[in-house]
Amino acid sequence: MGNRKNGNKYLAWAFIEAANFAIRYNLKAKKFYERKKMKTNNLIALKALAHKLSRACYYIMKQGVPFDENKIFSLGLSGTVNQREGWLITSRPDWAVSFTLILTETVR
């Protein structure tokens, strides 16, 4: 099977262009791109950013919420999990805390 070429090539092109624009004008997008580029090559990092932007667009259209760069470019969930209580102690936004609580309940 492998990696098949799925999806609309024009939409993929549009998100690549959006990623190029985001790299130039958004500091968090540029940091994400540079971090990916250190681990992989230029094109893979660009496509990873385009994919992240496409997921954000889907969420924005589906939920009807405004764009929040802190949600899309968060560096992961930081904090500690209290094993006895199953709560996450963190300084992340509420959506991240809810997501982590669901994950910790699923893992048990």
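Just so it is clear, none of the values below were taken in a lab; they were calculated from the coordinates. This one's a predicted model, so the numbers in the text were calculated from it and none came from an experiment. FYI the Cβ positions are ideal-geometry reconstructions off the backbone, even for glycines, and counts take in every protein chain you see.
Points worth noting:
- For the stretch 58-73, the tally of residues that are surrounded by 14 or more Cβ atoms within 10 Å (Cβ to Cβ) and either hydroxyl-bearing (Ser, Thr, Tyr) or in contact with a Leu (Cβ under 6 Å, 6 or more places away or on another chain) (or both) stands at 1.
- In the stretch 1-55, the residues that are of a type in the set (Lys, Arg) and part of a helix (DSSP H, G or I): 9, 24, 28, 30, 31, 35, 36, 37, 39, 47, 52, 55
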